[in-house]
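S.K.: Take a look at this one; I'll ask things after.
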Amino acid sequence: QKEVEQDPGPLSVPEGAIVSLNCTYSNSAFQYFMWYRQYSRKGPELLMYTYSSGNKEDGRFTAQVDKSSKYISLFIRDSQPSDSATYLCAMSGSSASKIIFGSGTRLSIRP
Amino acid sequence: EPEVTQTPSHQVTQMGQEVILRCVPISNHLYFYWYRQILGQKVEFLVSFYNNEISEKSEIFDDQFSVERPDGSNFTLKIRSTKLEDSAMYFCASSERRTSGGELFFGEGSRLTVL
């Protein structure tokens, strides 16, 4: 079983829709959960960062972590064409150095 | 806004040649990282660096790889004898303090093509 699993997509939704992106993981030692956005041929950009279980909201973005199910989600409300990018989930345990990334979900928002 | 800068943006090299990828981390950051992303695959951790020494490295980071902070601003990744499978996008990242990802800033990457 892969350490972090993420549906690669592509996912295409109309502008204004609510987008739901998800990852599952197998390592129960993970405590820190991140979502990065990556535009084509650019470096990952941190969107959301959460510790342990729960929800975190930042503008149109909401991150959810369910450690009991080993499942994390990112919701994007009122999606915009500029949200079109690859979204990477990432997580780490007590080690501060090593982040494990998912393979990324390619998202396209249709105007 | 401060940013991590990487050079070159793209390098083409012959198999067996040495390559040095350069990074200028954000000026007050103390922790430095290299990640790589083979085309179509996930971002993978290579190495972390703090206080002029390697903190952690992955199994990918074998003897042909080395990192150095030659002066107060640059952070370099050297690949001694490149192989075809080293072709990838290499990302440098930095953080102000020891972090589990929450404050990691990535550069735009250096694309390495090995022929």
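The values are calculated or read from the model by the stated rules, or taken from the named source; none is laboratory data. A quick note: this is a predicted structure, and the numbers were derived from the prediction, not measured. For neighbour counting, all protein chains shown are included, and Cβ atoms are generated from backbone atoms with ideal geometry for every residue, glycine included. Surface accessibility is based on the protein's heavy atoms, side chains included, excluding ligands, DNA and RNA. Shrake-Rupley method; radii C 1.70, N 1.55, O 1.52, S 1.80 Å.
S.K.: Buried accessible area for the A:B pair, summed, 1.4 Å probe, in Å² rounded to 100? Show your work: numbers first, answer last.
M.R.: Working: alone 6150 and 6740 Å², together 11010 Å².
Counting both chains, the buried surface is close to 1900 Å².
S.K.: To continue, here is another question. When the distances between all Cα atoms of chain B are binned every 10 Å from zero, what whole-number percent does each bin get?
M.R.: 15, 51, 30, 5
S.K.: Collect residues whose amide H, placed 1.01 Å from N in the peptide plane, falls under 5 Å from the amide H of B:THR5; neighbours closer than 5 in sequence don't count.
M.R.: B:VAL24
S.K.: Go through region A:41-53 residue by residue and turn each phi into a ³J(HN,Hα) via Karplus (6.51, -1.76, 1.60, θ = phi - 60°); whole Hz please, and just put x for glycine and proline.
M.R.: Each residue of region A:41-53 in turn: 6, 10, x, x, 10, 5, 9, 9, 9, 10, 10, 6, 7 Hz.
S.K.: What does the structure give for A:40-50 when I average, per residue, the other chain Cβ atoms found within 10 Å of the residue Cβ?
M.R.: Numbers: counts 0, 6, 6, 15, 9, 2, 7, 0, 1, 6, 1.
Rounded to a whole number, the mean comes out at 5.
S.K.: Can you send over the carbon and sulfur percentage of the accessible area for chain B, probe radius 1.4 Å, protein chains only?
M.R.: So the carbon and sulfur contribution to the accessible surface is 45 percent.
S.K.: What is the spin-label model distance, in nm, from A:GLN80 to B:SER9 if the labels are put 7 Å beyond Cα along the C-beta direction?
M.R.: Computed distance between label sites A:GLN80 and B:SER9 equals 2.4 nm.
S.K.: Ignoring ligands, DNA and RNA, how do B:LEU46, A:LEU47, B:LEU84 rank by accessible area with a 1.4 Å probe, largest first?
M.R.: These residues rank, largest area first, as B:LEU84, A:LEU47, B:LEU46.
S.K.: While we're looking at this one, here's another question. So what is the relative contact order of chain B, in percent, for Cα pairs below 8 Å that sit 6 or more residues apart?
M.R.: Relative contact order for chain B comes out at 39 percent.
S.K.: Then there is this: With no solvent and one equal point scatterer per Cα, compute the Debye intensity ratio I(q)/I(0) for region B:1-66 at 0.19, 0.23, 0.26, 0.28 Å⁻¹ and report its log10, rounded to two decimals.
M.R.: -0.96, -1.32, -1.44, -1.43
S.K.: Evaluate the charge dipole of the protein assembly as shown about its Cα centre and quote only its size in Debye, nearest 20, assuming +1 on the Cβ of each Lys and Arg and -1 on the Cβ of each Asp and Glu.
M.R.: 240
S.K.: Which whole-number percent gives the relative contact order of chain A, counting Cα pairs below 8 Å spaced six or more residues apart?
M.R.: Value for chain A: 37 percent.
S.K.: Another question, if that's okay. Sticking with the crude label model, points 7 Å out along Cα→Cβ, report the distance from B:ILE60 to B:ILE38 in nm, one decimal please.
M.R.: 0.9
S.K.: Right, next: From largest accessible area down, sort A:GLU57, B:GLU59; use a 1.4 Å probe on the protein chains.
M.R.: These residues rank, largest area first, as B:GLU59, A:GLU57.
S.K.: Mind computing the radius of gyration and Dmax over the alpha-carbon atoms of the protein assembly as shown? Å is fine for both.
M.R.: Gyration radius and largest Cα-Cα distance of the protein assembly as shown: 17.5, 51 Å.
S.K.: Tell me the per residue accessible area of chain A using a 1.4 Å probe; a whole number in Å² is fine.
M.R.: Accessible area per residue, chain A: 47 Å².
S.K.: About the Cα centre of chain A, how large is the charge dipole given +1 on each Lys and Arg Cβ and -1 on each Asp and Glu Cβ? Please answer in debye to the nearest 20.
M.R.: With Lys and Arg at +1 and Asp and Glu at -1, about 220 debye.
S.K.: Return the inverse of the average 1/r over all pairs of distinct C-alpha atoms in region A:1-105, which is the Kirkwood hydrodynamic radius, in Å to one decimal.
M.R.: When all Cα pairs of region A:1-105 are included, the Kirkwood radius is 13.9 Å.
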